[in-house]
Each structure stands twice: as structure tokens, then as C-alpha cells.
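The values are calculated or read from the model by the stated rules, or taken from the named source; none is laboratory data. Keep in mind it's a predicted model, so treat the numbers as computed, not measured. Cβ: placed from backbone, ideal geometry, glycine included. Neighbour counts: every protein chain shown.
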Amino acid sequence: MTTEAGLEYRAVLPLAWQDGQPAPQQIAEWMRENITALHAIAALEGPGHERELDRTANVDHTTARLEAKMDLLMQWVGKLLLAQHPLPPATEVVLGSKSVSWKCPIALKPGQFGVLSLYLASRLPMPLMFPVQIQTCTGGQAQAQLLHLSDDTQDALDRTLFRYHRRALQARSGRV
């Protein structure tokens, strides 16, 4: 979906809120981890993972088998991680380039600082960590501004939002 603020991704995603303002070193580490997670999600969701292997397709079967093995390995590692650390409850989320909103069961105050842990891909149980500042919280709906995103994190997030937007348009037109 597109709004005045740009592209948005709407989904029901595991999300956790933590109150407080993290240290700059912690934020820098999260931004590096966010870039890794967003690139991994792009690789997992890329064209190589959307097509079925077909003898008539122009596919290097050695590469395809290696990708299938890596997919299986990632799935197993993900299941092990989930067994050790279950995901937080899922809620309706709208993620934009500069902001995020979600159904919030607790009252948050405008101006309040915190950190959102957002699990964007079920195949990769690695959270995106976003320092945020609450803009509004009314009727069980919180709206927050994303803070301190590095340029590389912002770029990776924008590319992810664009990919999801393009995929949604393709789904609506019947070209999945």
C-alpha cells in the first residue's frame, strides 16, 4: 500500500515492545543485524525460491540443489531457534519507511521511547530491532517514528517495502 509517507507493508507479525532508550553502541549493533536480516530475507524470498525446478527451465541444477539444501538447513536452524526462544505474539502491523503502527494492548505515552522487535519473515526467526518514539497511542493502536536507522538499514528497509509492494500488486493482478 502507498500513503503520503511512502510504501507500507501491512501484515500480522510477531512483535514485542520494550520500554527505554538504548545506548548508541547497542543501536549501531542492531542496525548491522537489521541489514543482515533484511538481506537474508531478500535472499530467501528471491526469484530462485519462487520458481519450481523444471527440466525445461534454464536452471543450473547443481546450484538449484545447493539452494534447496540451504533452504532446508535454514528451516532446521529456524525451528531450533524457535524451540529455544518462542516468538512474541503476532499483531496487526503497518511498517513504513519512517514509521510503524501496531495494535498495542498497553497504553503508551506520546514522546515515550522504546524498542520494537519485529519478526518480518517466519522462515527467519531473527527480529528487526527498531528504536522508536511513540507519536500516538489511542484506541489500542500505537503509531511510532523509527529512529536512528543507519543509511544502509534505511536502504535495505526501503528495498524490502518496495519488494512487498510489488508482490502485492502482482497478487492483485493475478500474476503471482
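Within the range 83-91, is even one residue more than 13 Å from Trp17 (Cα to Cα) and modelled with pLDDT of 95 or more?
No, the range 83-91 contains no residue that is more than 13 Å from Trp17 (Cα to Cα) and modelled with pLDDT of 95 or more.
Please determine, by comparing only the residues of the range 119-137 that are of a type in the set (S, T, N, Q) and modelled with pLDDT of 95 or more, which one is farthest from Ile35 (Cα to Cα).
Thr136
Since Ala142 meets every condition but one in (1) loosely packed, with under 15 Cβ neighbours inside 10 Å; (2) in contact (Cβ under 8 Å) with a residue 12 or more places away in the chain; (3) not acidic (Asp, Glu), which condition does it not meet?
Failing condition for Ala142: (1).
Would you check which residues across the range 117-129 are free of Cβ contacts under 8 Å to residues at least 60 places away in the same chain and either of a type in the set (S, T, N, Q) or assigned to a strand (DSSP E or B) (or both) and list them?
Within the range 117-129, Ser122 is the sole residue that qualifies.
Restricting to the range 145-170, name every residue that is of a type in the set (Lys, Arg) and either assigned to a loop (DSSP other than H, G, I, E, B) or surrounded by fewer than 16 Cβ atoms within 10 Å (Cβ to Cβ) (or both).
Of everything in the range 145-170, those that are of a type in the set (Lys, Arg) and either assigned to a loop (DSSP other than H, G, I, E, B) or surrounded by fewer than 16 Cβ atoms within 10 Å (Cβ to Cβ) (or both) turn out to be Arg159, Arg166, Arg167.
Let me spell it out: the conditions are (1) within 18 Å of Ala16 (Cα to Cα); (2) assigned to a helix (DSSP H, G or I), and Leu108 meets all of them except one. Which number is the exception?
(2)
Tell me whether the range 16-28 contains one or more residues that are under 19 Å from the mean Cα position of the chain (by Cα), acidic (Asp, Glu) and modelled with pLDDT of 75 or more.
Looking through the range 16-28, none of the residues is under 19 Å from the mean Cα position of the chain (by Cα), acidic (Asp, Glu) and modelled with pLDDT of 75 or more.
Filter the range 86-129 down to the residues that are hydroxyl-bearing (Ser, Thr, Tyr) and in contact with a Gly (Cβ under 7 Å, 6 or more places away or on another chain) and list them by number.
Result: Ser97, single match.
From the residues in the range 31-75 that are exposed (fewer than 10 other Cβ atoms within 10 Å of the Cβ) and of a type in the set (S, T, N, Q), which one is modelled with the highest pLDDT?
Thr62
If we keep just the residues of the range 93-107 that are modelled with pLDDT of 95 or more and out of contact with any Leu (no Cβ under 8 Å at 6 or more places or on another chain), which is farthest from Ala142 (Cα to Cα)?
Val94
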